[in-house]
């Protein structure tokens, strides 16, 4: 069993595939909270550009040289974050493991954020992004200044993430790989349910 995740602002965090909609949202929250955030993604996107504006360092290549670069000049070994989209054969991931860096799935980091404050997690086969966006927008309109981690750009925020000072966090919870069992929100919402992600769930009962 891996040790529980615990981060301080002194902990460098590196995202392999940081331009992805789910990865960039978490990276953006940490960057806004003054963490030392780096990431890599061959595809340059609006999310990557926004992360640079937030102070993150984003590399366009994914290779061992990137791992060497993020380990240079830091007092603590970077935590490396991957999503299910990153294969085990990714050269940067292989280099990170070879260097002895701790590697965690994005769901572990999302769980750490969700479980650290009052939170609302939205799961379901369809409508997760729309529903979580609406909830976050309503809380914002009510003056509750929520944090939001969404799998799409929220029109009210112009981004897929918002770092608020209020007590509530709204997150889109992805059920595709079963990792949502890590989350312990105060409120959970399932929009609907149908058999999907059959590579992980053999039947509807398992889902």
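Which of the residues belonging to the stretch 132-142 are surrounded by fewer than 18 Cβ atoms within 10 Å (Cβ to Cβ) and part of a helix (DSSP H, G or I)?
Across the stretch 132-142, the qualifying residues are 134, 138, 141.
With the requirement that a residue be in a helix (DSSP H, G or I) and over 20 Å from residue 84 (Cβ atoms), what does the stretch 17-54 give you?
31, 32, 46, 49, 50, 51, 52, 53
Anything in the stretch 157-183 that is assigned to a loop (DSSP other than H, G, I, E, B), touching a helix residue (DSSP H, G or I) at 6+ places or on another chain (Cβ under 8 Å) and at pLDDT 95 or above? List them, or say none. Quick ask: steps written out before the conclusion?
Initial filter on the stretch 157-183 (assigned to a loop (DSSP other than H, G, I, E, B)): 157-158, 163-167, 173-178, 183.
Restricting the remaining residues to those that are touching a helix residue (DSSP H, G or I) at 6+ places or on another chain (Cβ under 8 Å) gives 157, 163-164, 166, 173-174, 177, 183.
Passing the criteria: 157, 163, 164, 166.
When you look at residue 145, is it part of a loop (DSSP other than H, G, I, E, B) and in contact with a helix residue (DSSP H, G or I) (Cβ under 7 Å, 6 or more places away or on another chain), yes or no?
Values: part of a loop (DSSP other than H, G, I, E, B): yes; in contact with a helix residue (DSSP H, G or I) (Cβ under 7 Å, 6 or more places away or on another chain): no.
When the stated conditions are applied, residue 145 does not pass them.
Please go through the stretch 1-16 and give me each residue that is assigned to a loop (DSSP other than H, G, I, E, B) and over 22 Å from residue 183 (Cβ atoms), ordered by number.
Hits for the stretch 1-16 are 9, 10, 12.
Within the stretch 84-107, track down each residue that is assigned to a loop (DSSP other than H, G, I, E, B) and at pLDDT below 95.
84, 85
Filter the stretch 72-83 down to residues that are outside any strand (DSSP E or B) and either at pLDDT 95 or above or in contact with a helix residue (DSSP H, G or I) (Cβ under 8 Å, 6 or more places away or on another chain) (or both), then give me how many there are.
So the count comes out to 3.
The values are calculated or read from the model by the stated rules, or taken from the named source; none is laboratory data. From a predicted model like this one, the values you see are computed outputs, not experimental measurements. Note that we place each Cβ from the backbone using ideal geometry, even for glycine, and neighbour counts take in every protein chain shown.
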